[in-house]
Every structure is written in C-alpha cells, then in structure tokens.
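This report concerns only the one structure given below.
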Amino acid sequence: MATSTLTSKGQITLPQAVRNALGLEAGDKVDFVEDAAGGFRVLALRKDVRELRGRFAGRALHPVSIADMAAAVETEAVARRRHGARLIAAEPKPARYTAKKTRSHA
C-alpha cells in the first residue's frame, strides 16, 4: 500500500505508483470523493472528455439521454453541497440550464 505524510500546510505528495496508476502529471487535478464506508477515493479529473472515448463501450444496458445525464450531474452536485464537499471543477451553468426570470405585470 502506498502512503503519504500530511504537511503542516495540509499538503500531501501522491506516491509515484499512485500517480502512474491514475495517469497524473504535474498540474493535473484530483477529486476526493467520499464513499459509503466513510473513506475517500482519489479520482483523476480529466483534462479532455475525448480521453474517455471507448472506455464505457458495451457497458451500458440502455442509452442515456443528455437530459438524464444533466439530471444525474445536478443530483450529485446537490448531494455534495449538502455534505459540504467542494466541487473543484464547478463552472457556471450555461444559460439554457438556468431558471428564467419572469416579469410581473403590475
């Protein structure tokens, strides 16, 4: 098992074996995701979605729509906010996903 020591600044160095297994290079970001047992998983945040091409081929039982994917992402984001997790790669939502303001006619 690879181990690391937490510095007084709250930093750790990921062991070389872990960096290699995750395909990490200097400047890459990782996400710490809490699991059901109260531990954490370290996930590499991918720079480009094209790196995922073919990774899930043949694994889906049925196709998933973009709307279903967006709903799943929103559900996860809400769950993380409730548990105090910070979303590292969060960006503002595109205008088409934001609630529209309505004018009141007085």
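Annotations
- Residues of the stretch 22-34 that turn out to be part of a loop (DSSP other than H, G, I, E, B) and closer than 12 Å to His83 by Cβ, as a count: 0
- Of the residues screened, Ala85 is not one that is surrounded by 10 or more Cβ atoms within 10 Å (Cβ to Cβ) and modelled with pLDDT of 75 or more.
- Residue check, Asp48 over 12 Å from the mean Cα position of the chain (by Cα), modelled with pLDDT under 75 and under 21 Å from Val18 (Cα atoms): yes
- Residue within the stretch 7-15 that is at pLDDT 90 or above, hydrophobic (A, V, I, L, M, F, W, C) and open to solvent by less than 100 Å² (accessible area, probe 1.4 Å) present: yes
- Enumeration of residues in the stretch 23-33 that are of a type in the set (A, V, I, L, M, F, W, C), open to solvent by 40 Å² or more (accessible area, probe 1.4 Å) and within 26 Å of Ala77 (Cβ to Cβ): Phe32
The values are calculated or read from the model by the stated rules, or taken from the named source; none is laboratory data. All values reported here derive from a predicted model rather than from experimental measurement. For neighbour counting, all protein chains shown are included, and Cβ atoms are generated from backbone atoms with ideal geometry for every residue, glycine included. Side chains are part of the model used for accessible areas, which takes the heavy atoms of the whole protein and leaves out ligands, DNA and RNA. Shrake-Rupley method; radii C 1.70, N 1.55, O 1.52, S 1.80 Å.
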